[in-house]
1. Within region 69-83, take every residue that is touching a residue at least 24 places away in the same chain (Cβ under 8 Å) and under 12 Å from Pro51 (Cβ atoms) and give me the one that is nearest to the chain's Cα centre (by Cα).
2. Here's a check for you: in region 4-54, which residue that is assigned to a helix (DSSP H, G or I) and in contact with a Lys or Arg (Cβ under 8 Å, 6 or more places away or on another chain) is nearest to Glu76 (Cα to Cα)?
3. Can you spot a residue in region 168-178 that is closer than 20 Å to Ser61 by Cβ, of a type outside the set (Val, Ile, Thr) and without any contact (Cβ under 8 Å) to a residue 12 or more places away in the chain?
4. Collect the residues in region 11-25 that are surrounded by 10 or more Cβ atoms within 10 Å (Cβ to Cβ) and either out of contact with any Leu (no Cβ under 6 Å at 6 or more places or on another chain) or modelled with pLDDT of 90 or more (or both), keeping them in residue-number order.
5. Only one of these conditions is not met by Arg77: (1) assigned to a loop (DSSP other than H, G, I, E, B); (2) modelled with pLDDT under 95. Which number is it?
6. Going residue by residue through region 130-147, is there one that turns out to be within 30 Å of Ala118 (Cβ to Cβ), open to solvent by 40 Å² or more (accessible area, probe 1.4 Å) and touching a Cys at 6+ places or on another chain (Cβ under 9 Å)?
7. Could you pull out every one of the helices (runs of 4 or more DSSP H) wholly within region 89-183 that has 1 or more residues that are in contact with a helix residue (DSSP H, G or I) (Cβ under 9 Å, 6 or more places away or on another chain), within 19 Å of Phe42 (Cβ to Cβ) and among the β-branched types (Val, Ile, Thr)?
8. Take Ser45 and decide whether it is closer than 23 Å to Val126 by Cα, in contact with a strand residue (DSSP E or B) (Cβ under 6 Å, 6 or more places away or on another chain) and open to solvent by less than 70 Å² (accessible area, probe 1.4 Å).
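The values are calculated or read from the model by the stated rules, or taken from the named source; none is laboratory data. Because the structure is predicted, anything quoted here is derived from the model rather than measured. Cβ coordinates were reconstructed from backbone atoms using ideal geometry, including for glycine residues, and neighbour counts include every protein chain displayed. Remember, those area values only see protein heavy atoms, side chains included, never the ligands or the DNA or RNA. Shrake-Rupley method; radii C 1.70, N 1.55, O 1.52, S 1.80 Å.
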Amino acid sequence: MGPKTAQRLTYHLLRAPEAEARMLASALIAVRDEVVYCESCFNISAGPLCPICADPSRDDSRVCVVEEPLDVLALERTAAFKGRYHVLHGAISPMDGVGPDRLRIRELLERAAERCRAGAPYAEVVLATNPTLEGEATAMYLAERLGADVDSITRIARGIPVGGDLEYADEVTLVRAMQGRRAFEVAER
């Protein structure tokens, strides 16, 4: 929340009837007290397991690794991934003092190792960290450590967004778009 939003919220609360302000305060306390992290994937949840981990129709052989719970929401809106998730709660950032030990990396490595020992390694781990320096470092770190315990490690594609103009794209984005190009499929007539 930025300063302007905070100012507007404060002004609204000062003008609101006392009952409304107290209701909002109670709702904020309830969120803090009742919302927890899923015991399996560390997504936000109202119970021990989030709805995704509790869903038996999800593909248990695939896990998508994201930085934050909001990333799960974004991916779920696409309905393109039907597996499970693992939320790291950040990315490796030595400049900010964030190492692997401050994230949920150990739990991911344990999940993968446990499945491997059970004879059912993950068929795919999708690294869906942000395309930032920190996200790339995190993806590389995970790929190195997961390699022996999973069948396949993939990385989400990067490049020009739909509706974007090439002339406004930076060089790194254009290089990655060229490197990630794929065959153009023409529908038969």
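1. Filtering first and then ranking leaves Val72.
2. In the first step, residues of region 4-54 are kept if they are assigned to a helix (DSSP H, G or I); the result is 4-15, 18-34, 51-54.
Among the residues that remain, those that are also in contact with a Lys or Arg (Cβ under 8 Å, 6 or more places away or on another chain) are: 52-53.
Numbers: Ile52: 10, Cys53: 13 Å.
Taking the candidates together, the pick is Ile52.
3. Within region 168-178, the subset closer than 20 Å to Ser61 by Cβ is none.
No - not one qualifying residue is present in region 168-178.
4. Here is the first cut: in region 11-25, the residues surrounded by 10 or more Cβ atoms within 10 Å (Cβ to Cβ) are 11-13, 16, 20-25.
Hits for region 11-25 are Tyr11, His12, Leu13, Ala16, Glu20, Arg22, Met23, Leu24, Ala25.
5. (1) is the only condition that Arg77 fails.
6. Among the residues of region 130-147, not one is within 30 Å of Ala118 (Cβ to Cβ), open to solvent by 40 Å² or more (accessible area, probe 1.4 Å) and touching a Cys at 6+ places or on another chain (Cβ under 9 Å), which makes the answer no.
7. Values: elements: 105-117, 133-146, 171-179.
Output list reads 105-117, 133-146.
8. Details: closer than 23 Å to Val126 by Cα: yes; in contact with a strand residue (DSSP E or B) (Cβ under 6 Å, 6 or more places away or on another chain): yes; open to solvent by less than 70 Å² (accessible area, probe 1.4 Å): yes.
The answer is yes for Ser45.
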